[in-house]
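One structure is given here, and the rest of the page talks about it.
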Amino acid sequence: MSAAAHLFAERGFRGVGIEQIGAAVGISGPGIYRHFPSKDAMLVELLVGISRHLLDGAHAARAAGGSGADTLDRLVRGHVDFALDHPELIVIHDRDLWSLPGEAAREVRRLQRAYTEQWVEVLRDARPELDAPTARARAHALFGLINSTPHSAHDLDRLQMAAMLHAMALGAARS
């Protein structure tokens, strides 16, 4: 999956053949079919899988308890870690979401809406004066800030970038 993610991010989903994925992991292209029924199934696993992972992380951040500010801190840290550890998935999502089969695309969107609503609730806990539409817009703006990493995280080491994104996201959330 990691090799497929790297190739999809580098060349686009449609620009990568099963043979190239196989070669990247040292097997024949058709050998991939022992693990996945199709290249499309790999894309589904990548995008649905990360959407589930993010939603599960948001549930865990909320379940850990504490103040709204503490929970917001955990959400930001979790999303920053995702963005810095998996920038290729952000690129793939931005460029190739349309390549998903219909049901998988709907599932990604459903999971993303649920993830966003977790942020909305946490933002409103931390900032009770926010109404839901404002908190939702703020959550999307925060995602945009953090998800800029495929384009901005090249000149700083991971720790510096994580600290900067964390501080900027919390500052934007509190402003």
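The values are calculated or read from the model by the stated rules, or taken from the named source; none is laboratory data. All values derive from a computational prediction rather than experimental measurement. A quick note on method: Cβ atoms are made from the backbone with ideal geometry, for glycine too, and the neighbour counts reach across all protein chains shown. The area values use the complete protein model at the heavy-atom level, side chains included, leaving out ligands, DNA and RNA. Shrake-Rupley method; radii C 1.70, N 1.55, O 1.52, S 1.80 Å.
Residue check: H154 meets all listed conditions (1) open to solvent by 30 Å² or more (accessible area, probe 1.4 Å); (2) in a helix (DSSP H, G or I) but one, namely (2).
For the stretch 120-141, the criterion of being within 25 Å of L7 (Cβ to Cβ), open to solvent by 20 Å² or more (accessible area, probe 1.4 Å), in contact (Cβ under 8 Å) with a residue 24 or more places away in the chain and over 13 Å from the mean Cα position of the chain (by Cα) is met by none of the residues.
Quick one: G26 ticks every box in (1) farther than 21 Å from I146 by Cα; (2) in a helix (DSSP H, G or I); (3) open to solvent by 40 Å² or more (accessible area, probe 1.4 Å) bar one, so which box is it? Against the list (1) farther than 21 Å from I146 by Cα; (2) in a helix (DSSP H, G or I); (3) open to solvent by 40 Å² or more (accessible area, probe 1.4 Å), G26 comes up short only on (2).
The criterion of being out of contact with any His (no Cβ under 9 Å at 6 or more places or on another chain), open to solvent by 50 Å² or more (accessible area, probe 1.4 Å) and either under 16 Å from Y115 (Cα atoms) or among the basic types (K, R) (or both) does not hold for R77.
The rows are residues; the columns are (1) open to solvent by 60 Å² or more (accessible area, probe 1.4 Å); (2) under 27 Å from R158 (Cα atoms).
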| residue | (1), (2) |
| --- | --- |
| E10 | yes, yes |
| I18 | no, no |
| I32 | no, no |
| K39 | no, no |
| H53 | yes, yes |
| D73 | no, yes |
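Would you call Q160 modelled with pLDDT under 95, assigned to a helix (DSSP H, G or I) and not basic (K, R)? Taking the combined requirement at face value, the residue satisfies it. Within the stretch 1-23, the set of residues being assigned to a helix (DSSP H, G or I), touching a residue at least 40 places away in the same chain (Cβ under 8 Å) and among the small types (G, A, S) comprises A4, A5, A9.
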